[in-house]
Each structure stands twice: as C-alpha cells, then as structure tokens.
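Heads up, the thing below is written out as structure tokens.
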Amino acid sequence: MSDPLVRKKVLIGYVAAAIVPALILLDTLVGFARGWRMVYRQEQAIVAGVAVWMMAAVLLVCVARGRAFYLKHWTRLVVLVFFSVLALAVAESVVRSLPTGDAPFHLRTPDHQWIFRPTPQVMPGITGDSRYTTNADGVRGPKMPLDKDSLRVLCLGGSTTECLYLDDDETWTHLLTSDLETSLGRPVWTGSAGASGLASDAHLLFVENSDLMSRVSAIVLLVGINDLSKALVSPTPDAVGELARPELVGRPIWRRSVLLIRGGVLVKQLLKKLKGDQLNVEDEGGASYISRRERRRTAAKTDDVPNFDAAIESYRHRIEKIADVCARKNVKLILVTQPVLWDESLGEKERNLLWFGWLDDGRYLSITVLRATMDRYNKVLREIAARRSIALADLASMNGRSELFIDDCHFNEAGAREVSRLIAPVVAGVLLEKFPGGGK
C-alpha cells in the first residue's frame with residue numbers, strides 16, 4: 001500500500017474521530033464570542049468531556065499505534081460517526097414533537113413542591129429554606145374555596161409576583177391574605193399565578209382564556225418589568241413568550257438541544273431517586289444569579305436609549321385589553337406599578353446586585369436609562385387607571401430602597417411585606433365596593 005493512500009486513510013479516520021468534538025468546541029467558542037458563559041455544572045462537564053475527546057483524537061494521530069488504529073478502523077469510524085449523528089438528529093426531532101408535560105399556560109405543575117436554599121450573600125434579606133408549593137390548579141397558594149360567598153383574589157404577573165426565592169408564607173401574595181382579612185373582617189383567599197419571564201402579552205392571554213377567571217373576584221396585576229426587558233432584546237416585543245434569561249442569550253447550538261435539556265432533567269430526577277431525596281432543590285448555590293450579575297458588572301454600559309415608543313404603545317394597548325376582558329367577565333382589576341432598585345444614588349455594593357438591562361449586542365443599559373424607561377411603563381398604568389377609574393396601587397415609594405430588594409426588582413422578605421402593606425388597602429377598598437355582602 002502506497003504511503004499517500006495510507007496517509008489518506010489515517011486522515012479520514014482522524015477526521016471521523018475528531019469532527020464532532022471539533023464542531024462542538026467551535027460552536028462553544030462562537031457562543032463565548034456572543035457573550036454566552038457556562039453557568040451550570042452540566043454545561044461545564046459537557047464541554048470538558050468534549051475537550052478530552054478532542055485531545056484523545058489528536059494524541060492518537062501523533063503516535064504510531066494511534067495512526068495504526070485509524071488505518072485499521074477508518075471505515076468503521078466513518079460509519080459510526082454518520083449513524084450516530086443521524087440517530088441524534090432523529091432523536092432530537094422526535095423529542096421536540098413529543099408533549100412537554102409542562103404545567104398549564106401561565107401556571108405551575110399542580111400539587112408540587114420545590115425547595116430553594118438561597119444564600120444570604122447572593123440574595124440579601126432572605127433567610128432559611130424557601131418552600132414553593134402549588135395547589136391542584138397549579139396556583140401558588142392554598143386550595144381555592146368553592147363557596148359562592150368567598151372572596152377570591154388572584155395575583156397575576158411575572159417573577160415579581162411569583163417571588164420565586166421566598167418561602168410560601170413570606171410572599172406578598174400570601175401576606176395579602178392576612179392584611180385583607182384584617183381590613184375586611186372576613187375570610188379572603190389569595191393565590192399567585194405569577195410566572196417568571198412572562199409579560200403583558202401572556203397576561204392578556206391568561207385573562208382571555210383561563211378557567212380561573214370564572215372563579216375569582218379580583219385580579220391584582222403587577223406588571224411592566226418583563227415588557228421593558230423584552231423590548232430591549234426582541235425585534236418583535238409583541239410576540240408571546242417567556243423572556244430569555246441572560247445566561248441563554250448567545251448560547252451555542254448544542255446548548256439549545258431539547259434532547260439534552262430533557263435528558264438532563266431525567267438524569268437529575270434519577271439521581272434524586274437513587275439518593276432517596278424527595279426535595280426538589282433548585283439552584284442551591286445561586287449560580288445563575290452570580291453569573292448574571294458578573295455579566296452586567298463586566299459588560300459595557302450605554303446611555304443610548306432604544307426607541308421604546310412602539311413597545312410602550314403596544315404595552316398600553318394590551319393593558320387596555322386586559323381591563324376590557326376583566327370588565328366583561330365581571331372580575332375587578334387592580335393595577336400595580338413596578339418598583340425597582342435602580343437609582344443614581346446606589347453605592348457599589350448595591351450596584352453589584354443588578355443584572356437587568358441586557359441588549360442583544362452584549363451591552364447593558366445604564367441605571368439612569370433603565371429607571372427612566374421603567375417610569376414610562378409605570379406612567380402608562382397610572383394614565384389608564386385614572387382615565388378608566390381602575391384601582392391602582394402605586395409602589396413608587398419603594399424605588400431605590402436597597403433594604404427591600406435582592407436585585408433590580410425582586411423583593412426580599414422585607415420587600416414582600418411592604419408590597420402587601422401598600423396593596424392591601426387598595427384591594428380591600430375594591431372588594432368592599434364591589435362585594436359588600438359577599439364574594440364571587
């Protein structure tokens with residue numbers, strides 16, 4: 001056999017062994033160039049494994065025995081790689097077509113419990129483990145009463161309504177129960193349909209289509225922050241969907257694999273069963289928050305204000321439609337403005353808690369621009385409430401108060417108490433006016 005033919009077969013064998021890890025590593029480098037960073041241990045393990053695979057393929061071609069291996073098995077390597085890639089592509093397609101098994105739209109998995117263990121250094125103002133429990137409807141809160149005279153208040157919004165890292169008993173939606181019962185002197189049920197990442201487009205779909213609307217007396221809507229964030233990164237802010245987390249922006253193609261994502265969930269569940277652990281512990285070390293804050297801290301900041309006019313008008317239109325739907329369904333609507341930590345007077349410690357404001361080019365808006373833009377969204381709520389005589393709970397007094405927040409906009413334990421304190425009188429007034437002798 002001639003030397004050129006031998007070298008050709010060795011080269012083919014090497015390419016077959018190295019092509020997959022090389023493409024994955026290249027894809028990863030492109031992701032890094034676009035601002036993506038590895039946050040989770042699973043991501044780091046995958047990249048490390050692929051790097052070892054690539055190194056092994058290179059080392060083999062550098063030694064005589066390795067070249068002999070490639071020469072002997074080059075056809076098998078080509079066939080193996082081809083059919084492996086084909087099988088993965090088919091599996092990815094099949095998995096994408098399968099039902100997700102996710103919770104109902106805008107709700108969480110019914111009758112479920114998660115445990116969060118927030119670190120005080122990462123999430124100041126939160127202490128101890130945090131339980132997150134849902135009822136049979138997928139709502140965070142106790143079972144909704146069935147008697148027709150009960151007052152039932154459903155709190156709707158994104159993550160600032162969901163209060164993900166607060167214990168069930170510490171969320172403002174739970175505290176609202178006792179505050180309302182004290183004001184009204186009768187039992188009141190409150191629950192949370194808050195879902196992280198969702199904005200007014202999703203809230204409109206919820207009030208239009210959710211069966212829960214026929215069972216509640218009032219909707220408390222805390223809204224605005226996700227609409228602002230979507231307007232920063234989405235070319236079509238009207239598109240319904242969850243706001244992409246900053247650690248996923250610019251992610252590699254392999255990181256978008258549904259097969260990989262669902263496979264990781266299954267492996268995690270299997271490991272939990274093998275350990276006999278019944279708790280669903282989420283993000284125990286706060287890795288996602290640490291990464292998000294580091295991204296903002298090291299990124300370029302800009303005062304170049306995007307044109308928010310169209311996005312804000314769309315926001316206004318959606319809030320108007322939400323009000324129309326609630327009126328048509330005889331459900332009282334209480335609008336709530338979004339308070340934020342953003343303030344020019346913040347010190348370095350408080351500024352290091354921030355992570356919002358990312359643009360699709362990797363830059364971040366300055367605190368000044370973020371605050372001014374959030375004020376514009378809140379102004380829309382005030383104008384609609386005044387013009388249409390809709391009840392409004394204005395949380396502007398919380399702005400810039402670092403003792404109430406864990407980051408840009410999410411509340412700690414003290415913040416949740418303050419939100420409930422400010423909202424409760426407004427909700428109580430609405431319920432007394434609309435339902436003086438009972439509920440829905």
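Here is how the numbers come out for the structure above:
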| quantity | calculated |
| --- | --- |
| Boolean, Thr177 is farther than 28 Å from Lys434 by Cα and open to solvent by 10 Å² or more (accessible area, probe 1.4 Å) | no |
| Output for the stretch 12-32, where each listed residue is within 26 Å of Leu359 (Cβ to Cβ), aliphatic (A, V, I, L, M) and without any contact (Cβ under 8 Å) to a residue 60 or more places away in the chain | Leu26, Leu29 |
| The stretch 112-145, residues that are within 18 Å of the chain's Cα centre (by Cα), within 16 Å of Arg215 (Cα to Cα) and among the small types (Gly, Ala, Ser) | Gly138 |
| Those residues of the stretch 321-378 which are in contact with a strand residue (DSSP E or B) (Cβ under 6 Å, 6 or more places away or on another chain) and within 27 Å of Val153 (Cβ to Cβ), in sequence order | Ala323, Cys326, Val331, Lys332, Leu333, Ile334, Leu335, Val336, Leu341 |
| Subset tally (residues that are assigned to a loop (DSSP other than H, G, I, E, B), of a type outside the set (Lys, Arg) and either in contact (Cβ under 8 Å) with a residue 60 or more places away in the chain or farther than 20 Å from Ala287 by Cβ (or both)) for the stretch 343-371 | 15 |
| Enumeration of residues in the stretch 1-19 that are surrounded by 14 or more Cβ atoms within 10 Å (Cβ to Cβ) and either of a type in the set (Lys, Arg) or over 15 Å from Trp74 (Cα atoms) (or both) | Lys9 |
| Condition check for Thr190: crowded, with 24+ Cβ neighbours inside 10 Å, in contact with a helix residue (DSSP H, G or I) (Cβ under 7 Å, 6 or more places away or on another chain), assigned to a helix (DSSP H, G or I) and of a type in the set (S, T, N, Q) | no |
| Qualifying residue in the stretch 242-250 (condition: under 28 Å from Trp189 (Cα atoms), modelled with pLDDT of 95 or more and assigned to a loop (DSSP other than H, G, I, E, B)) | no |
| Set Asp361, Asp309, Asp304: member being open to solvent by 20 Å² or more (accessible area, probe 1.4 Å), within 22 Å of the chain's Cα centre (by Cα) and either closer than 30 Å to Val430 by Cβ or at pLDDT below 95 (or both) | Asp361 |
| Residues (part of a helix (DSSP H, G or I) and under 23 Å from the mean Cα position of the chain (by Cα)) located in the stretch 377-397 | Tyr377, Asn378 |
| Any chance Val207 is in contact (Cβ under 8 Å) with a residue 40 or more places away in the chain, farther than 19 Å from His410 by Cα and under 15 Å from the mean Cα position of the chain (by Cα) | no |
| Within the stretch 203-213, considering residues that are crowded, with 22+ Cβ neighbours inside 10 Å and of a type in the set (A, V, I, L, M), the one nearest to Asp168 (Cα to Cα) | Leu212 |
| Residues that are open to solvent by less than 80 Å² (accessible area, probe 1.4 Å), touching a residue at least 12 places away in the same chain (Cβ under 8 Å) and either touching a Leu at 6+ places or on another chain (Cβ under 8 Å) or at positive phi (or both), drawn from the stretch 50-100 | Val50, Ala51, Met54, Tyr70, Ala91, Glu92, Val95 |
| Residue in the stretch 145-152 that is within 25 Å of Glu413 (Cβ to Cβ), surrounded by 14 or more Cβ atoms within 10 Å (Cβ to Cβ) and modelled with pLDDT under 95 present | no |
| Residue match in the stretch 129-142 (condition: among the small types (Gly, Ala, Ser), in contact with a Pro (Cβ under 7 Å, 6 or more places away or on another chain), open to solvent by less than 40 Å² (accessible area, probe 1.4 Å) and at pLDDT below 95) | yes |
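The values are calculated or read from the model by the stated rules, or taken from the named source; none is laboratory data. Source: prediction; values computed, not measured. With ideal geometry, Cβ positions are generated from the backbone for all residues, glycine too; neighbour counts draw on all protein chains shown. The protein model used for the area step is the full one, side chains on, heavy atoms only, and it has no ligands, DNA or RNA in it. Shrake-Rupley method; radii C 1.70, N 1.55, O 1.52, S 1.80 Å.
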